[in-house]
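Colleague: Questions regarding the structure given below will be posed in turn.
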Amino acid sequence: MNQSSAKLLVKDLFVEADGKEILKGINLQIRDGEVHVLFGPNGSGKSSLLLTIMGSPKYQVTHGKIYFNGKDITEFPTHERAKLGIGLALQHPPQVKGVKLRKLLEYINNNNNHIEELAEELKLKEHLERDVNVGFSGGEAKRLELLQLMVQSPSLILLDEPESGVDLENMALVGKILEKLLKRYPVKERLVSGLIITHTGYVLDYITADVGHVMLDGRIVCTGNPYDILITIREHGFLPCTECWKKELQNAKQGQ
């Protein structure tokens, strides 16, 4: 893997949290303009990978490297990664009492974006003077995560289950904003990259993904067409991936 040609490059990454090994040799390359989708059962390490890429202090890298635009960011704190152009939308964003939404958006506004207009587009204009996520519904909190990304304008977007807790009406709006954030069209102008965790796959009804991965037990065990992977998961669950992974492990042991 060539670190200079990738937007994001994760090399042989091992990570611990609370003394337990969570990620076990992750290798991942996302090029400019590519959108990758991450599937996997609960507890497989998907969210841990996104939080590690974002620099959460809870996750300790014990081996391996993370490169962003060719720069080694393995030891960078979260705010430095955000300044470089990495943005994360959480599955369960926290409430932040005492911090007004407008102030937060003004602080992270990297490109003089029009906050009022963007808030109106996401039906959050009335929330600008409220504390961040305090009293917000699930759909409102999810839209706020996207609003923050739109204001931040990152070149790498990390999304943890953007469809989780979102009803069909809000999902259509979320999908529209995701397509806008990722700038998928026109194709020749694709520069923003994405890594998206999904359980249901509903997000794929609204965006065009390039590559899919399956995570099991802290490892990426399968990579391929995201739509084919989703069909297999919907029809058979993760059993085929688990069996394939076990066979690869057996073959590797026999080859030693």
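Colleague: Give the residue, chosen from ILE86, ILE108, ILE73, that is touching a Pro at 6+ places or on another chain (Cβ under 9 Å), β-branched (Val, Ile, Thr) and more than 22 Å from HIS199 (Cβ to Cβ).
Modeller: Values: ILE108 fails: touching a Pro at 6+ places or on another chain (Cβ under 9 Å); ILE73 fails: touching a Pro at 6+ places or on another chain (Cβ under 9 Å).
It is ILE86.
Colleague: To continue, here is another question. Answer yes if at least one residue in the stretch 134-149 is at pLDDT below 95 and touching a Ser or Thr at 6+ places or on another chain (Cβ under 9 Å), and no otherwise.
Modeller: The first filter runs over the stretch 134-149 and keeps only residues at pLDDT below 95, leaving 134-149.
Those still in the list that are touching a Ser or Thr at 6+ places or on another chain (Cβ under 9 Å) too: 138, 142.
Taking every residue of the stretch 134-149 in turn, at least one turns out to be at pLDDT below 95 and touching a Ser or Thr at 6+ places or on another chain (Cβ under 9 Å).
Colleague: How many residues are crowded, with 19+ Cβ neighbours inside 10 Å and more than 23 Å from PHE68 (Cβ to Cβ) if we restrict to the stretch 217-229? Let's see the steps before the verdict.
Modeller: So the first thing to find is which residues in the stretch 217-229 are crowded, with 19+ Cβ neighbours inside 10 Å, and the list is 218, 220-222, 226, 229.
Those still in the list that are more than 23 Å from PHE68 (Cβ to Cβ) too: 221-222, 229.
Count: 3.
Colleague: Still on this structure: Is there a residue in the stretch 133-152 that is part of a strand (DSSP E or B) and within 24 Å of LEU50 (Cα to Cα)? Show your work before the answer.
Modeller: So the first thing to find is which residues in the stretch 133-152 are part of a strand (DSSP E or B), and the list is none.
So far as the stretch 133-152 goes, no, none of its residues is part of a strand (DSSP E or B) and within 24 Å of LEU50 (Cα to Cα).
Colleague: I've got another one for you. State the number of residues belonging to the stretch 10-21 that are within 25 Å of LEU230 (Cα to Cα) and either among the aromatic types (Phe, Trp, Tyr) or surrounded by fewer than 23 Cβ atoms within 10 Å (Cβ to Cβ) (or both).
Modeller: Taking the stretch 10-21 first, the residues within 25 Å of LEU230 (Cα to Cα) are 10.
Filter once more, so that each one left must be either among the aromatic types (Phe, Trp, Tyr) or surrounded by fewer than 23 Cβ atoms within 10 Å (Cβ to Cβ) (or both): none.
Residues in the stretch 10-21 being within 25 Å of LEU230 (Cα to Cα) and either among the aromatic types (Phe, Trp, Tyr) or surrounded by fewer than 23 Cβ atoms within 10 Å (Cβ to Cβ) (or both): 0 in total.
Colleague: Quick one: which residue in LEU178, LEU173, LEU158, LEU118 is touching a residue at least 12 places away in the same chain (Cβ under 8 Å), under 20 Å from LEU50 (Cα atoms), assigned to a helix (DSSP H, G or I) and of a type in the set (A, V, I, L, M)?
Modeller: On inspection, the qualifying residue turns out to be LEU178.
Here is a yes/no grid of residues against (1) within 20 Å of GLY212 (Cβ to Cβ); (2) touching a Gly at 6+ places or on another chain (Cβ under 9 Å); (3) modelled with pLDDT under 95:
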site	(1), (2), (3)
GLU21	no, yes, no
GLY25	yes, yes, no
GLY43	yes, no, yes
SER48	yes, yes, no
LEU51	no, no, no
MET54	no, yes, no
PRO77	no, yes, no
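The values are calculated or read from the model by the stated rules, or taken from the named source; none is laboratory data. Since the model is a prediction, treat every value here as computed from it, not as a measurement. Every residue, glycine as well, gets a Cβ built from its backbone with ideal geometry; the counts of neighbours run over all protein chains shown.
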